[in-house]
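*Asks:* Sending over a structure as structure tokens; questions will come in a sec.
Rule-based calculations on the coordinates, nothing more; no lab input. In this text the structure is predicted, and so the values were computed from the model without any measurement. Neighbour counts run over all protein chains shown; Cβ positions are idealised from the backbone, glycine included.
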Amino acid sequence: MPHHRQPPSPPPSRSVAVGTNPERTRSHNRRVVLETVRQHGLLGRSDIAALTRLTAQAVSNIVAELVAEGFLVEQGRRRTARGQPPVELAVNPDGGMTAGVEIATDHITTVLVDLAGKIRAQRIAPLGDVTIEGVQRLAATELAQARGAAGLPKRLLGCGVVMPGPFEVEGMSSVGSSPLPGWAGQDAGQLLTEALGTPVTIENDATAAAVGEHLHGLGRNLRHFCQIYFGAGLGLGVIIAGQPYRGAFGNAGEIGHIPVVLRGLACACGQEGCLERYASVHALTETLRAAGVANLEPDEITKLYGQGHPALLGWIEQAAGLLAPVIAMLENLFDPETVILGGGMPEGVIDALIAAMSPQPISVANRPGRTIPRVQRGATGRLTAALGAAALPLLDTITPKLDRVALVQDEATADGTGPAV
Ligand SMILES: [Zn+2]
């Protein structure tokens, strides 16, 4: 048999290029320009060209479009010593909004965030019917109600939805406390795009929570951090160099299913002794229920903590004892600036967990001259995952790909067509 040579595969950097489709390149470059202005606040055209590595002509064309469409506004001229002072551009807060929706097992949180990153509306509604139709109906109603408030920009640029992960794991479909029965194996993105009437990006709750904390909470001044998220189970979001780390299939950070107790409690994932069987909202309510506590509302649990309820204190001690070495492991793996605990756990209980972890096990984070604590409670509370979700429609298509701009430009220049916009 003759030996056939395989066609040469493109170099790796080419394989991530936006592609040669001019429409896609154009919309990509528009989003890059918009995001660059959004991140920097006020920029002149030449600043934008320098930051995005697009040509002055390309930037000029894109800016003209974005101003005409109401995404950018001109803010007058900057004072300079000599020459033509540049017109500065800013995002138009009223140019549009993105929606963030968190579908949890017992509630749906909806937020609307404008182009300047300001929260314009927020709602939390109890979720009783977790069937596909029930979730579709409530999510659509909540989004419509949020958008109906007076004085909000009409344009909706997309919607990020967070649901409990993991996604599409063989033999792990019933992971956790069976978050949303009926949704396993379904195309959640498609089902929710239909229900909400806007393009939907799906993310797992812990990753979205880390993005929310990064944009709106404690993580604002941090580039590298881990966030342990108390959601339907126990998740982990990892921000590396300012970007969420998702893994190859969007399932990175499924920390709740790391076994921490030899021959421990059986878990729905099929293993025994998983971390989230001991350290999660589900584990806490299970413990309190077994101790005869009927009212498991967050406020009530906080009250029990104040009263020194023995079952609650015992749970905190055990959960903290199991979490502490896992956090030290995260520190050794990722060398983060800090580890944040957040999500649906009452704040007082999170504080108690952190206090009970002390003294923390030795890890690479145990160094002199630390300016921030190794472990701290998040600042965005119950909205955190929904806020991260609201950033997805913009973040997903723009921010992680800023390095591709140069590539698009190179390709365009190489064949003499100039940059496509
Ligand atoms: Zn498990």
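*Asks:* Among 332-338, 235-241, what's the highest-first ranking by average C-beta atoms within 10 angstrom per residue?
*Replies:* Working: 332-338: 16.9, 235-241: 22.0.
Descending mean neighbour count gives 235-241, 332-338.
*Asks:* Test of the criteria: in segment 25-99, which trypsin sites (Lys or Arg not before Pro) are in a DSSP loop and have at most 12 other Cβ atoms within 10 angstrom of their Cβ? Write down the numbers at each step before the final one.
*Replies:* On the way: sites: Arg26, Arg30, Arg31, Arg38, Arg45, Arg53, Arg77, Arg78, Arg79, Arg82; in loops: Arg53, Arg78, Arg79, Arg82.
Answer by residue number: Arg79, Arg82.
*Asks:* Using 0.36 nm per residue of separation minus the Cα-Cα distance, give me the extension gain between Gln136 and Glu300 in nm, one decimal. Could you put the intermediate results ahead of the total?
*Replies:* Details: separation 164, 0.36 × 164 = 59.04 nm, distance 3.05 nm.
Length gained, Gln136 through Glu300: 56.0 nm.
*Asks:* Rank these for me by crowding, Glu69, Glu254, going from fewest to most other beta carbons within 10 Å.
*Replies:* Glu69, Glu254
*Asks:* I need the phi-derived Karplus couplings for segment 331-339: 6.51 cos²θ - 1.76 cosθ + 1.60, θ = phi - 60°, integer Hz, Gly and Pro marked x.
*Replies:* Computed from phi, the couplings for segment 331-339 are 5, 5, 6, 10, 6, x, 5, 7, 10 Hz.
*Asks:* Follow-up question, since we're still on this one. How would you order 306-312, 134-140 from highest to lowest mean count of nearby Cβ atoms within 10 Å? Display every interim value, and only then the final one.
*Replies:* Details: 306-312: 13.1, 134-140: 18.6.
The packing order, highest mean first, is 134-140, 306-312.
*Asks:* If you filter segment 258-362 for trypsin sites (Lys or Arg not before Pro), then keep DSSP loop positions with at most 11 other Cβ within 10 Å, what is left? Could the numbers behind the result be given before it?
*Replies:* Values: sites: Arg263, Arg277, Arg289, Lys303; in loops: Arg263.
Sites meeting the loop and neighbour criteria: Arg263.
*Asks:* Which order results if Ile62, Ile228 are arranged by neighbouring Cβ count within 10 Å, fewest first?
*Replies:* Values: Ile62 24, Ile228 30.
Fewest to most other Cβ atoms nearby, the residues stand as Ile62, Ile228.
*Asks:* Take the alpha carbon atoms of segment 136-152, find their center, do the same for segment 292-370, and report the distance between the two centers in whole angstrom.
*Replies:* Here the two parts' Cα centres lie 35 Å apart.
*Asks:* Report the net charge of residues surrounding Gly256, where surrounding means a beta-carbon distance below 10 angstrom and charges are Lys +1, Arg +1, Asp -1, Glu -1. Mind showing how you got there, number by number?
*Replies:* Numbers: positive: Arg277; negative: Glu254, Glu276.
Charge balance in the 10 Å sphere: -1.
*Asks:* Order of Ser46, Ser60 from fewest to most other C-beta atoms within 10 Å? Don't skip to the answer; put the middle values down first.
*Replies:* Values: Ser46 12, Ser60 16.
Starting with the residue having the fewest Cβ neighbours, the order is Ser46, Ser60.
*Asks:* Still on this structure: Take each of the peptides 378-385, 191-198, average the number of other beta-carbon atoms within 10 Å over its residues, and list them starting from the highest. The partial results should precede the final answer.
*Replies:* Numbers: 378-385: 23.5, 191-198: 17.9.
Highest mean packing first, the order is 378-385, 191-198.
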